[in-house]
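The block underneath contains the structure these notes are about, expressed in structure tokens.
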Amino acid sequence: MNILQLLRHISVKHLRHQKARSLMALIGIALGVAAMVSIDIVNMSVLRSFEDNINRITGRAVLQVTDAESGFPEAMLDVVQKVPGVEYAVPVIETNGCLAWGDERAFAVLGVDVLQDGNIRDYSITDESSDIPDPLLFLARPDSILLTREMAAREHIAIDQQIKVQTVQGTRTFTVRGLLEPDGPAKALGGDIAVMDLYAAQLAFGKEGRIDRIDVSILRGESLDTMKERIQAALPEGYNIDTPAGRSRQMENLMGRFRKSMDMIGYLALFVGMYLIYNTVAISVVQRGREIGILRALGATRRQVSGLFLGETVVLSLAASLLGIGLGIILAKISITAVARTVSSMYGRSSITDLTIIPLHLAKDIAIGVAASVIAAFFPSRSSSRISPISAIRSTPYSSDALRRHRGLTIASLAFIGIAGAILLVYKTAAHASPLRSSSMTIAAMLSLLLGISLSTPLFLRRFISMFHRLFAGRLGAGGRLAGLNLEKNLTRNAVAVAAVFFSISLSVSSSSLLFSVQKGLMDYIDDVERSDVLITSGHPLASAGAQTIPMPLEMALEIEAIPGVDAADPFRKLFITISGRRVLLEAIDIPRWLKRNTVKVVKGMQGDVGTMMPGKDVISVSESVASRYGLKPGDHFTLPTPQGPVRFLVISVVVSFASDSGVIFIDYQTFRRIWQDHNADMFSVYVRPGNDVIDVRDAIRELYKDKRKMFVLDSREFRAEIKKLLDQSFEMNNAVNLLTLAIAGFGIIITLLASVFERTREIGILRSIGMKRGQVSGLVLIESALLGLAGGLLGTFAGVLTGWINLEGFFRLDFGDSISYQVHYLSICWALLLAVGLAVLAGLYPARRAAKTNITEALSYE
Amino acid sequence: MIQLKNASKSYMQGAREVHALRNVSLNIGKGEFLSVMGASGSGKSTLLNLIGGLDQPSGGEIFMDGKPLHGISDDELTLIRRRRVGFIFQFFNLLPVLTAAENVSLPLLLEGTPFSQIQPKAVDLLKKMGLEERVDHRPEQLSGGEMQRVAIARALVTNPAVLLADEPTGNLDSHTSEEIFMLLKSLHEQGQTIVMVTHDPRAAAYGSRIVTLKDGAISEDITTGGLEA
Ligand SMILES: Nc1ncnc2c1ncn2[C@@H]1O[C@H](COP(=O)(O)OP(=O)(O)O)[C@@H](O)[C@H]1O
Ligand SMILES: [Mg+2]
């Protein structure tokens, strides 16, 4: 391949000569790949840890029987044990406890049948308590608990020590009867696990007569599928029989949204990298125009010329991708602890100790990095091959083929915009369950739209300049006229700078409009549904997907209402139920009490029905996403799995809810208690009597439960601030990306203007020699710069408004329903435009100074 | 060996059509040293570009060794430039990032020949140009005359059928110009076909035949046999 020769002889030297620019592009792609790699590693590590935990905790069980989160009658154990082919079936209670002192260290509590559980799980217990000789018997005492050696060491707990543990029933005291060696389940969750006797656990956690799970091992020779069917047939409807792998998969689904937003960041970073590559190659093509002309004159084919630039890109991006892999691994190492903490509090307990690095994924990331770069370099390198040998080697080049090239650009630009439209159309018309309705579609549409608009920048710039000529140029004197003409002369190169500004501005406009819409939608929603003065939650108030918490007993409502100044404490219960393999949030609300002070936004159905028809009856309302997922409308019936088996509910309305991205089903609290036999609450909404101070009441509640129970007590202001904080946090990353792209855009302008100043040395010399002042020369460059910034800013605003809407579709409406409306954030648009022009002028300062310093005699004798 | 039959070329300058060449017919024989004269803008460069396959005529026909240069694909034309034509430009047009030897080797590098094979030939050519000390220098380290001699070596490296020079001394002082002309003359004496554009009658006199252009058409065609020949 002679391209390799050209690369070796020409490109390597260029890369070395244009260190700064090559380095920018290198860093861009490296960061993009690093983002993808680290996100992948973190994701895989989290999943692997979930999987590992599940496998350790399930031991030799190959099937697990579960029901709703509140457990099911232990009588089912007998039923399962009698199914032919079942080897062992053991009952399990799995819940959470929390040490009542020290930092908030929550741990999983496994309640097991001491006599049988050895058939499924291996425990090695050492350091047994000395006063009870039989290691198995000691667990039968209701206050006995086993801790892992790891946890005991960390919390400085000794054998026979009494520990206070917070449970559903309030704080309980247990005695540590032994330590578990790190083996089997004791190695799961980083050792944050305790084992109790089943009966004791039932008592402690308010689950008398109920169990959470049955772990099943099957006889040799029986197939998993037949056994699943047999057990299913033996049990009432509504039970889930799943493999441990299936449970990991559920966890994976649960984290889908989290991963989606992480992936989005990865794509964005890569897109920024692509932009840098595009910028680098485009400018390099412009600057090396003469070289290309010479090569063409000496007999380089078009393919050789474009191959040269593509080859340079491949070399650069390969190096960048390799660098990105290393960087990504480091990034993953740094961020894994923080991510693990977030995941634990929002989704479920996990303990990530090792990074899971999958070589195949790394290879894929390298390929994506290189492919993305080559795609980014495609257009500029194609335009390089169009450079005519004659015009490039003349002393004053003619722009002969510019027009034809622009026609091609227009077509390509329209094609990409058309593709974006088509993708959106398919997306909008696809059924909710269809795989076409995914955020990958909206991301594709967004990228295609951005690409399309980027390609239209030369055209837009020409229009923009001619408008500028007509409207303003006269008023700006000779400088104004010349500035416009100069921009027109090198449309392609200037368009690259405009495109860079366009891209960064569109990102910031779209993300701020998105943020604004979500903020407004969410805050309006909260103002509707959560008008309480003080909120009490058992887990993190914003945990979205049912991270395990320790629910509070319903009786707490009475205790709270007894506090002076409290008008009412309304209970809420939130738990996840599994409907045909997918988790949905079931929200039990005391409807009559709740509606006294809050309103519900009904999308379909009669507004009044919620209050009149739901209380006490087998009636539900569903959120928009549940309605569209299961095709429900008011008047339909929908069967839910309940501890009493499947129950048919009447759907009376479709309502707005942002409570969970998995979809929400509302039920009256009384109905819920009757059917689920569950007397717990995850949240109390407390209303303060008029004339009483909310803060005082809040503090009184905190004081009352200070030593008894770990919970979150927030007044409504704190609660809203907490939500805002979370929202802001998720957009912080976005802002960082925006800043980076803005910096890149500024860099692009500097390079463009510098190139244009150098090229015009002679022209500037002439202008100076016939009497143009230094100030006028730099003014000329600054006007050009400001025009570039403004053009990019306007185009970016337009694109940003569109892509903001597209992202709202793909990231919020998809999960939360169409009720959230798109709000353009005008203030941020003003800022963006100001920023674009300001940044452009700032970037123009240095080239302007260079231009003003042009030495007249040297400039005129040049060439 | 080169034939132009009614070749013409026009350009669009904005909305205006410029006829740079009008129905030029010309036969250039093997071993000829043709000087093309004419005022600025008379179409000299355009003529040379058509002969060298840098551009295609808007009308008429051009043949090199009986094969057409008009109406063929860009790739075919490119290969003719690479293998059959050697160019010498007014502004030298060396690649600044390459050394003298690499610049000379460029046409063969494009062909895919390994540099190690080309290098002896390139060094040899540079020696013949009196540049043995300059083999590894880059253009910015060379004087104008030296750069043009590197460019001539580059034009010769493929043993081209024709050497095309567009005002080769337009950027050089008179003493250096003299040296370049002597060099071209000696190449001519070794049998090299040369077409040289110039507006200087003294320079044109080195040619064995002088064609003068006026407004894109041939106004004079004199065979002299060459200065001092
Ligand atoms: N690429 C081009 N586009 C437009 N006009 C051109 C182009 N090349 C040459 N011309 C015009 O054609 C005429 C002849 O140009 P040229 O052959 O360069 O003249 P010379 O070399 O004799 O000075 C001139 O008027 C020039 O302006
Ligand atoms: Mg000329």
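The values are calculated or read from the model by the stated rules, or taken from the named source; none is laboratory data. Since the model is a prediction, treat every value here as computed from it, not as a measurement. FYI the Cβ positions are ideal-geometry reconstructions off the backbone, even for glycines, and counts take in every protein chain you see.
Values as computed for the structure displayed
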{"quantity": "Positions within the range A:492-533 being in contact with a Lys or Arg (Cβ under 7 Å, 6 or more places away or on another chain) and not in a helix (DSSP H, G or I), in sequence order", "calculated": "A:531"}
{"quantity": "Residue that is nearest to the chain's Cα centre (by Cα) [pool: residues in the range B:40-70 that are within 16 Å of ligand 1 (Cβ to nearest atom) and part of a strand (DSSP E or B)]", "calculated": "B:62"}
{"quantity": "Any hit, the range B:201-220, residues being more than 16 Å from ligand 2 (Cβ to nearest atom), among the acidic types (Asp, Glu), farther than 17 Å from residue B:88 by Cβ and loosely packed, with under 12 Cβ neighbours inside 10 Å", "calculated": "yes"}
{"quantity": "Matching residues in the range A:161-191 - criterion: being modelled with pLDDT of 80 or more and outside any strand (DSSP E or B)", "calculated": "A:161"}
{"quantity": "Members of the range A:160-200 that are in contact (Cβ under 8 Å) with a residue 60 or more places away in the chain and basic (Lys, Arg)", "calculated": "A:164, A:187"}
{"quantity": "Failed item, numbered, when residue B:13 is tested on (1) more than 16 Å from ligand 2 (Cβ to nearest atom); (2) surrounded by fewer than 18 Cβ atoms within 10 Å (Cβ to Cβ)", "calculated": "(1)"}
{"quantity": "Qualifying position, being modelled with pLDDT of 85 or more and among the aliphatic types (A, V, I, L, M), among A:529, A:509, A:501, A:518", "calculated": "A:509"}
{"quantity": "Every residue from the range B:1-49 that is within 12 Å of residue B:217 (Cα to Cα) and basic (Lys, Arg)", "calculated": "B:9, B:22, B:44"}
{"quantity": "Selection within the range B:25-39 - more than 16 Å from ligand 2 (Cβ to nearest atom) and under 17 Å from the mean Cα position of the chain (by Cα)", "calculated": "B:26, B:27, B:28, B:29, B:30, B:31, B:32, B:33"}
{"quantity": "Residue ID - farthest from ligand 1 (Cβ to nearest atom), chosen from residues in the range B:25-39 that are more than 16 Å from residue B:167 (Cα to Cα) and assigned to a strand (DSSP E or B)", "calculated": "B:27"}
{"quantity": "Test: residue in the range B:32-43 that is modelled with pLDDT of 90 or more, more than 22 Å from residue A:304 (Cα to Cα), surrounded by fewer than 16 Cβ atoms within 10 Å (Cβ to Cβ) and among the hydrophobic types (A, V, I, L, M, F, W, C)", "calculated": "yes"}
{"quantity": "Restricting the range B:77-113 to residues that are more than 10 Å from chain A (Cβ to nearest Cβ) and not β-branched (Val, Ile, Thr), the residue that is farthest from residue B:200 (Cα to Cα)", "calculated": "B:101"}
{"quantity": "Per-region count, the range A:776-832, residues charged (D, E, K, R) and free of Cβ contacts under 8 Å to residues at least 60 places away in the same chain", "calculated": "1"}
{"quantity": "In the range B:55-69, the residues that are in contact with a His (Cβ under 8 Å, 6 or more places away or on another chain) and within 14 Å of chain A (Cβ to nearest Cβ)", "calculated": "B:56, B:57"}
{"quantity": "Residue, farthest from residue B:104 (Cα to Cα), within the range B:151-178, restricted to residues that are within 16 Å of ligand 2 (Cβ to nearest atom) and among the acidic types (Asp, Glu)", "calculated": "B:167"}
{"quantity": "Residue among A:12, A:37 that alone is of a type in the set (A, V, I, L, M), assigned to a helix (DSSP H, G or I) and away from every other protein chain (no Cβ under 14 Å)", "calculated": "A:37"}
{"quantity": "Qualifying positions in the range A:15-34 - touching a residue at least 24 places away in the same chain (Cβ under 8 Å) and within 14 Å of chain B (Cβ to nearest Cβ)", "calculated": "A:15, A:18, A:22"}
{"quantity": "Qualifying residue in the range B:65-87 (condition: without any contact (Cβ under 8 Å) to a residue 60 or more places away in the chain, away from ligand 2 (no atom under 16 Å from the Cβ), buried (at least 20 other Cβ atoms within 10 Å of the Cβ) and within 16 Å of residue B:27 (Cα to Cα))", "calculated": "yes"}
{"quantity": "Complete set of residues in the range B:193-209 that are assigned to a strand (DSSP E or B) and more than 15 Å from ligand 1 (Cβ to nearest atom)", "calculated": "B:193, B:194, B:209"}
{"quantity": "Residue selected from the range B:136-145 under the condition in a loop (DSSP other than H, G, I, E, B) and out of contact with any Lys or Arg (no Cβ under 7 Å at 6 or more places or on another chain), by the criterion nearest to ligand 2 (Cβ to nearest atom)", "calculated": "B:143"}
{"quantity": "Of the criteria (1) away from chain A (no Cβ under 11 Å); (2) buried (at least 16 other Cβ atoms within 10 Å of the Cβ); (3) within 16 Å of ligand 2 (Cβ to nearest atom), which one residue B:148 fails", "calculated": "(3)"}
{"quantity": "Qualifying residue in the range B:4-24 (condition: more than 15 Å from ligand 1 (Cβ to nearest atom) and within 17 Å of the chain's Cα centre (by Cα))", "calculated": "no"}
{"quantity": "Residue count, the range A:204-238 (criterion: of a type in the set (A, V, I, L, M, F, W, C) and either out of contact with any helix residue (DSSP H, G or I) (no Cβ under 8 Å at 6 or more places or on another chain) or surrounded by fewer than 22 Cβ atoms within 10 Å (Cβ to Cβ) (or both))", "calculated": "8"}
{"quantity": "Of all residues in the range A:390-438 being more than 16 Å from ligand 2 (Cβ to nearest atom) and among the charged types (D, E, K, R), the one that is modelled with the lowest pLDDT", "calculated": "A:401"}
{"quantity": "Residue in the range B:181-192 that is more than 16 Å from ligand 2 (Cβ to nearest atom), in a helix (DSSP H, G or I) and over 26 Å from residue B:64 (Cα atoms) present", "calculated": "yes"}
{"quantity": "Residue that is away from chain A (no Cβ under 13 Å), surrounded by fewer than 21 Cβ atoms within 10 Å (Cβ to Cβ) and out of contact with any helix residue (DSSP H, G or I) (no Cβ under 9 Å at 6 or more places or on another chain), where the choices are B:116, B:143, B:186", "calculated": "B:186"}
